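The values are calculated or read from the model by the stated rules, or taken from the named source; none is laboratory data. Source: prediction; values computed, not measured. Glycine gets a Cβ as well: all are built from the backbone with ideal geometry, and neighbour counts include every protein chain shown.
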């Protein structure tokens with residue numbers, strides 16, 4: 001959960017980014033888990049992310065640590081509650097790798113250099 005919370009915080013560098021990542025990742029989790037009831041119970045943050053997305057995109061507010069960390073933690077919790085141990089280990093490895101990579105690689109620069117990611121990142125923003 002801590003690695004997921006920290007990774008979400010690392011994505012909170014542009015308006016709406018952490019909410020978009022959270023909604024995308026949790027959407028995939030819901031589909032992959034075959035709509036397991038455990039996912040729904042552990043992802044109450046989806047509603048908050050949807051409600052806060054518009055003001056965040058319009059730069060009327062910012063998620064910050066108080067928003068990004070709980071969204072990431074909710075994703076980590078959902079992973080622990082719903083998925084088999086083998087999936088949890090795989091997710092743990094990916095989270096660890098991304099957190100370590102953030103020490104040398106700027107996610108913002110990667111997003112800017114990758115057209116589909118740049119498009120999604122800017123979608124709904126004022127720029």
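Which pairs turn up if I take residues in region 116-127 that are in contact (Cβ under 8 Å) with a residue 60 or more places away in the chain and look for partners that are part of a helix (DSSP H, G or I) with beta carbon separation below 7 Å, at least 6 apart in sequence or on another chain?
120/20; 121/17; 121/111; 124/57; 125/57
Could you please find all residues in region 66-91 being closer than 14 Å to residue 8 by Cα and surrounded by fewer than 12 Cβ atoms within 10 Å (Cβ to Cβ)?
66
Could you please let me know if residue 113 is surrounded by 13 or more Cβ atoms within 10 Å (Cβ to Cβ) and farther than 20 Å from residue 5 by Cβ? It would help to see each step written out before you state the result.
Values: surrounded by 13 or more Cβ atoms within 10 Å (Cβ to Cβ): no; farther than 20 Å from residue 5 by Cβ: yes.
So residue 113 fails the test.
So, residue 25, is that one surrounded by 13 or more Cβ atoms within 10 Å (Cβ to Cβ), touching a helix residue (DSSP H, G or I) at 6+ places or on another chain (Cβ under 7 Å) and at pLDDT 90 or above or not?
Working: surrounded by 13 or more Cβ atoms within 10 Å (Cβ to Cβ): yes; touching a helix residue (DSSP H, G or I) at 6+ places or on another chain (Cβ under 7 Å): yes; at pLDDT 90 or above: no.
No.
Would you pick out the residues in region 55-75 that are more than 14 Å from the chain's Cα centre (by Cα) and in contact (Cβ under 8 Å) with a residue 60 or more places away in the chain?
57, 58, 59
When residue 94 is evaluated against the numbered criteria (1) surrounded by fewer than 14 Cβ atoms within 10 Å (Cβ to Cβ); (2) over 15 Å from the mean Cα position of the chain (by Cα); (3) within 15 Å of residue 4 (Cα to Cα), which criterion, by number, is the only one it fails?
Tallying (1) surrounded by fewer than 14 Cβ atoms within 10 Å (Cβ to Cβ); (2) over 15 Å from the mean Cα position of the chain (by Cα); (3) within 15 Å of residue 4 (Cα to Cα), residue 94 fails exactly one: (2).
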